[in-house]
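To start, the structure under review is shown below, and the notes come after it.
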Amino acid sequence: MKNMKNEKNIKKAKIILTIITIILICIVIFLAFLVFQKYILKKNFENDILSFADKNQSTVFTVDAITLFSSADAGYKTNTANNFTIQNLYQYTDIALFIKNTSDENTLENTLKKVRIENVQFTNVPKLGEPNLYFKSINDFAKSDISEENKITDSFEFTISSSDEADLSTPTLYNNLANPLTFSYVNSNIKSDYTITDVSSPITYDGSLLQKCNINLEDIACTFSFDIYITNNLDEDFKTTVSIDIPLSSEDKTIFDGNLTIKQDTNYTFYRYN
């Protein structure tokens, strides 16, 4: 009986030892897998960094200047001897964004094949109004005309041309970067069905309307951004993100004076990702 009991204990111990051994082996395999996975992720990350660095050893495209023209207008006006009523008071800023290449010589690398705009984000939304971004023909730059057909709601692509007779009233860019990307930021319905009772001084349809309607500039301040994607004629892909603070004042004037024009020197560099 005693020998049988010892044999059972020994057998039981062997089973427990076997189970413990299997568990330890599984733990070792699992830990080894985690270490290997971490190593692979590290190598992939290093390879991605090296690949990115290799693709971006030199700068091909930059945004080196932006011109902004800010003013205001109203969608509809009625005028009587004693008051002036407006519908859809809106503030707009026309934007000319100049892309440059880093060489005086035009090559397959630094000329355009495709350009598109994506991911319009209003990071500082105005307290009054409804902000949107539109394509703006360069022929209409600094004019208050806005076409709803040109609203940028998702992805917006430009036509690329090498013709001297390209129609610049449409979203067209010369492949050699001869003309800027032009847009219009429009903050609509800042006020509507609003009556101006003080008609002692002339009413003009520009930024002074904002003051006539008792608009605080802080309430229509806005910052927004968007991504620009470029494909060159080597089928290499580039991207940069542009952020714009809508100009409503400068050191010596405000939009209340009628309009405001500001030129900004910038250094947005396109990085190659493909």
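Values in this text are rule-based calculations from the coordinates and carry no lab data. As the structure is a prediction and not an experimental result, all values here were calculated from the model. Here Cβ is always computed from backbone atoms with ideal geometry, including for glycine, and neighbour counts include all displayed protein chains.
Okay, here's what the table says:
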quantity: Relative contact order of the chain, pairs being alpha-carbon contacts under 8 Å that are 6 or more residues apart, as %; calculated: 27
quantity: Long pairs among Lys191/Lys253; Lys38/Lys114; Lys12/Lys38; Lys100/Lys212; Lys77/Lys151, criterion Cα-Cα beyond 31 Å; calculated: Lys38/Lys114; Lys12/Lys38; Lys100/Lys212
quantity: Centroid-to-centroid separation of segment 76-113 and segment 149-198 [C-alpha atoms, Å]; calculated: 6
quantity: Angle between the chain longest axis and helix 2-55 axis [Cα atoms, degrees, rounded to 10]; calculated: 30
quantity: Computed FRET value (nearest 0.05) for Thr59 with Ser162, which takes r as the C-beta separation and R₀ as 22 Å; calculated: 0.40
quantity: Given the chain, longest segment not containing exposed loop chymotrypsin sites (Phe, Trp or Tyr not before Pro) (DSSP; at most 14 other Cβ within 10 Å); calculated: 1-204
quantity: Spin-label pair Val199/Arg116, simplified geometry with 7 Å Cα→Cβ offset, distance in nm; calculated: 5.1
quantity: Residues whose placed amide H lies under 5 Å from that of Asn259, excluding near-sequence neighbours; calculated: Gly207
quantity: Computed label-point distance, nm, for sites Thr80 and Leu34 using a 7 Å Cα→Cβ extension; calculated: 7.9
quantity: Of (i) 122, 52, 35; (ii) 70, 40, 33; (iii) 76, 60, 35, the label for Cα extents along the principal axes in Å derived from the coordinates; calculated: (i)
quantity: Antiparallel DSSP beta bridges within the chain, as percent of all bridges there, nearest 5; calculated: 95
quantity: Convex hull of Cα atoms in segment 79-147, direction-averaged projection (nm²); calculated: 8.4
quantity: Most mobile listed residue (Thr123, Thr241, Thr231) in the chain, GNM with C-alpha springs under 10 Å; calculated: Thr123
quantity: Computed FRET value (nearest 0.05) for Leu234 with Gln264, which takes r as the C-beta separation and R₀ as 35 Å; calculated: 0.70
quantity: Computed [θ] at 222 nm, helices only, for the chain once each DSSP H run of length n ≥ 4 contributes -39500 (n - 2.57); calculated: -8000 deg cm²/dmol
